[in-house]
Each structure stands twice: as structure tokens, then as C-alpha cells.
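Written out below as C-alpha cells is the structure these notes cover.
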Amino acid sequence: MSNRDSAIKIVTTLRDAGFQALFAGGCVRDMLMGNEPKDYDIATDAHPEAVIKLFRRTLHIGAKFGVVMVLIDSHQFEVATFRTETGYVDGRHPDTVEFASAKEDAARRDFTINGMFYDPIEEKLYDYVDGQADLKNRVIRTIGDPADRFAEDYLRMLRAVRFANRLNFTIDDSTFVAIGKLAGNITNISGERIAVEMESILTHPSRASGVACLIETNLAGAFLPKLSKEDTDLAINVLAKLPDQSGFALALATMFVNCQVQAALEQIEILKLSNEHISRVEFLLANRQRLLDENLSLADLKVLLATNYFDDLCMFQTAIQQAAGKPTDAITDVRARASSLDSKDIAPPPLLNGNELMELGCKPGPAVGRLAKAMYTAQLNLEIKTKDQALQFVERWLAEYGS
Ligand code: ATP
Ligand code: MG
């Protein structure tokens, strides 16, 4: 069953049990725009206990806030009881939820285009917030007073930037002004939630205008305060040259293209990223310009290739070159060199291991690491190919540098 069919089935089940049930929020927006929704959320007047009884497989983590996840096939659907939310003490979780009508539920949502409901059986739209007009005019506007709505949850400021850029909408004037005034409060939001929005902004082809918008709204200045205008001007130019499908770490590294590695890593600490993302960003920034090095040895190339980050590095450097109006043939050449290599030759096991080096007379300690590295580099450069050649290499090395 398709995602949509499963969602309709959930609506029908709730309806047959005497409840009201409607598609809600983002999926209605996407449908009205002629796009396939990523996921379907359902809003209902049934309380969580009733929802749980009606479906065979459910998750109850958010039941206290009126949200039950219903599982059908491999899909997950959020079935949320119509509610109002009050008292956002931490700018995130409402202290209390009160079950309410569909109209009241619309009013707690963030933007007018995200505040509509749709009845897929009667094919009827419920628009209590003038979302259709804003959708038609391609405008992001908070439901109600922007300053009040942002104060309830400052993350909405980043969501405004995300939707405006991904959908290519403009932010309504009063909503925009309120973001500019309140931007400093974004640091009250957890780094993880900020990171989710940043990923959404940076993985979309509109990433350059997304970052420009983060700057215009003062949001970037609030949570990445050390980025200078010069840094962001260059970053935006390079972001605009990245391939559409670029990943989060590549685009994030690009935001710091004009910064030192350590400075960049300190700035992104606020995002509480996974180690994988952090090391990818670090690698890209640390290896800027290396692909342009005419003397890049075979061993250097293999080490770069062994990281899994090589493709990102090529895209990064290509974008840097293009933004500067400089040639990219060096990168094309390196790519050709890389693709001519056999994958088994990229990171072969060392011809001799550490124990063997010590047996050959290398003193335990830092010398072993230095010798192992020198030998492995020679091996990657194809200067030594057999164990015998490795033994000779070690002898020469020990004679020259001592044990
Ligand atoms: P996407 O297509 O990116 O998932 P979406 O509009 O579905 O966009 P979600 O984060 O999945 O966004 O949220 C679903 C709906 O819940 C939104 O359309 C909106 O109505 C409401 N919503 C989500 N987050 C907030 C928030 N921080 N404040 C108010 N309403 C919100
Ligand atoms: Mg959604």
C-alpha cells in the first residue's frame, strides 16, 4: 500500500469509529503545491487512548502531548489529537496541552501554509488561517503575532528560513522583522534542533540563498558569531557552485571555506554533530588546495582515497575554483588518476608490521611509527612491492636514521 493509501486508511478507521480525522500541516501544503508529501500527519478529535485501541501497531512516546505514532507496513504516521499548547517554558515543549477543536489546533501551528487540514475522503480543505492565500502568493507568515509565536519556540525562526528557501517563498515583512529582532534567542534552542534545520537548509540546492537568508535575518550571526562578512560572502559564492545533491558535511564545510580548520570546528561545536560529520568537515577544510598540488604523490592520493571523503573533496575544490573563476583541470586530472587505480591497491596491508620492524632492530617507541609510515608511503608509491624489497628498505632506513 502506498504511503497515501495507508494514511487514508487511518483516516477511514478513525472516521468509522465516530471520530473526526484530517490530513494536517506539511502534507496538505505539499499536496496543494502539487508535490508528493514526504510523510502524512493526521489530526483527530480522538484522544490518544482511543487511537491506541483502534490500531494494531502504535508507539506512545508522545501520547502525553497528544501524539501517537501508527505503524503500517514500513511507514510511520503521526496521529495527533487536536490541541492547544500553552506555557513554553523551555521554548520547546509546551508545559501543558489541552485537547481542542481543529480550528484551535490550526492556531498553534507555525506558519499559515503549514496550518491547513484536508479531508481526503470528502476532498475538502479546512483553512482557518488563510494559508491558501499565502501559498498562492508564496509567502511565509506566522499564524498570529510573529514575536509572540517565535517567543513560544525560537526554532520557528530557523524553520521560516528553511521553508522560505526550500520552497522559494518570501518571508512576510512583519515575520522577517520579528526574526531580525529576536534572532539572538536562537541560542536558547538545543544544538541538535538547530542542526536539523541547518541540515535541511544546507542539503537543498537553494543552500546559497538559504545561507544568505540566515545572514540577512541575523540568525547566522547569533549562533555562528565568528563568521565575518568576508567569510560569508565567499562561502555563499562557493555554496552556489556546489552540485545540487551535496551532503550536509560538504555544505557545512563550505560555510567555513574562508576559516582556519580549528576555528571552524570550534564554531560548529554548538551543533552537537556526530563524530562522522565533524571528521568529514575537518578533512575537507584540512585538505583544501591539496588536489591542486602538482606534486601530489601516488601515496598522498591513495591516503585521500582511502577516507571515503575523496568525492566530497573534489566537489569542494571544484566549487572553490569555480567561485574564484579559476580552472578546474587539476581536479579532473586527479580524478582520472584516482579512477585508474585498482581499489585493492588503495589501502593494501603493510608489507611488514610493527613487530617485524622491531625484530629487524627498530627500537620500540616512536621510531617504529616513523619507520612504519616511511615504509608504507614507499609501498603506496610502488617504490617497494615485495617483502624482500621492504626488508631492504628497512635496513637502509635503520642505517640512515638509526634504530
Ligand atoms: P517537512 O515537509 O519538512 O516535514 P512539515 O511542515 O511537515 O515539513 P514538520 O516538522 O514535519 O514540518 O511538522 C509538521 C507540522 O507540525 C508542520 O507543518 C506544522 O504545522 C507543525 N509544526 C512543526 N513544528 C512546529 C513548531 N516548531 N511550531 C509550530 N508548529 C510546528
Ligand atoms: Mg513533516
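Check whether at least one residue in the range 150-159 is more than 27 Å from the chain's Cα centre (by Cα), of a type outside the set (Asp, Glu) and either more than 25 Å from Ser209 (Cβ to Cβ) or surrounded by fewer than 17 Cβ atoms within 10 Å (Cβ to Cβ) (or both), and report yes or no. Looking through the range 150-159, none of the residues is more than 27 Å from the chain's Cα centre (by Cα), of a type outside the set (Asp, Glu) and either more than 25 Å from Ser209 (Cβ to Cβ) or surrounded by fewer than 17 Cβ atoms within 10 Å (Cβ to Cβ) (or both). Whenever a residue of the range 226-238 is surrounded by fewer than 19 Cβ atoms within 10 Å (Cβ to Cβ), its partners that are in a helix (DSSP H, G or I) and among the acidic types (Asp, Glu), lying with C-beta atoms within less than 9 angstrom and at least six residues away or across chains, give the pairs Lys226/Glu266.
Restricting attention to the range 13-32, report how many residues are within 12 Å of ligand 2 (Cβ to nearest atom) and of a type in the set (A, V, I, L, M). Residues in the range 13-32 being within 12 Å of ligand 2 (Cβ to nearest atom) and of a type in the set (A, V, I, L, M): 2 in total. Note on the range 369-403: residues that are surrounded by 12 or more Cβ atoms within 10 Å (Cβ to Cβ), within 21 Å of Ala306 (Cβ to Cβ) and aliphatic (A, V, I, L, M) amount to 8. Scanning the range 211-222 for residues that are crowded, with 21+ Cβ neighbours inside 10 Å and assigned to a helix (DSSP H, G or I) yields Val211, Cys213, Leu214, Leu219, Ala220. Total residues in the range 107-147 satisfying the condition of being within 13 Å of ligand 1 (Cβ to nearest atom), in a helix (DSSP H, G or I) and over 28 Å from the mean Cα position of the chain (by Cα): the figure is 1.
Among all residues of the range 292-311, there is none that is in contact (Cβ under 8 Å) with a residue 40 or more places away in the chain, under 27 Å from Ala208 (Cα atoms) and not assigned by TED's automatic domain parsing to the domain that holds Ala390.
With respect to Asn35, determine if the residue is exposed (fewer than 14 other Cβ atoms within 10 Å of the Cβ), within 27 Å of the chain's Cα centre (by Cα) and within 16 Å of ligand 2 (Cβ to nearest atom). So Asn35 fits the description; yes.
Could you identify the single residue in Ile61, Ile52, Ile42, Ile10 that is more than 15 Å from ligand 2 (Cβ to nearest atom) and either at pLDDT below 95 or part of a strand (DSSP E or B) (or both)? Result of the check over Ile61, Ile52, Ile42, Ile10: Ile61.
The values are calculated or read from the model by the stated rules, or taken from the named source; none is laboratory data. Small disclaimer: the values here were computed from a predicted structure and weren't measured. Every residue, glycine as well, gets a Cβ built from its backbone with ideal geometry; the counts of neighbours run over all protein chains shown.
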